[in-house]
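*Asks:* Input: one structure, supplied below.
The values are calculated or read from the model by the stated rules, or taken from the named source; none is laboratory data. Quick caveat: nothing in here was measured; it's all calculated off a predicted structure.
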Amino acid sequence: MLQVTVRDNGGGFDITQMRQGHAASGSLGMINMRERAEMIGGSFSLESTIGWGTTVSLSAPIATNLPTSPIT
């Protein structure tokens, strides 16, 4: 399992407003990240608090049965 967490201590943002803004602006970046993680059997989470920062986490299975090829 691959687990990645990216955290900052920046200004943070209101997640509810961000989600509402996606519909108005046509930007679906965070929604696409969640959908793509779920498509491969993983999970995506986003936490943000205004004044404290943001944490983005991804967990995804690592396929071990893929064909291997030499790197050239």
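*Asks:* Hey, can you tell me all the residues within the range 32-56 that are of a type in the set (G, A, S) and either over 16 Å from V4 (Cα atoms) or over 9 Å from the mean Cα position of the chain (by Cα) (or both)?
*Replies:* G41, G42, S48, G51, G53
*Asks:* While we're on this one: Could you tell me whether any residue of the range 14-37 is assigned to a loop (DSSP other than H, G, I, E, B) and at pLDDT 75 or above?
*Replies:* So the first thing to find is which residues in the range 14-37 are assigned to a loop (DSSP other than H, G, I, E, B), and the list is 14, 26-28.
Subset that is at pLDDT 75 or above: 14.
Yes, the conditions are met somewhere in the range 14-37.
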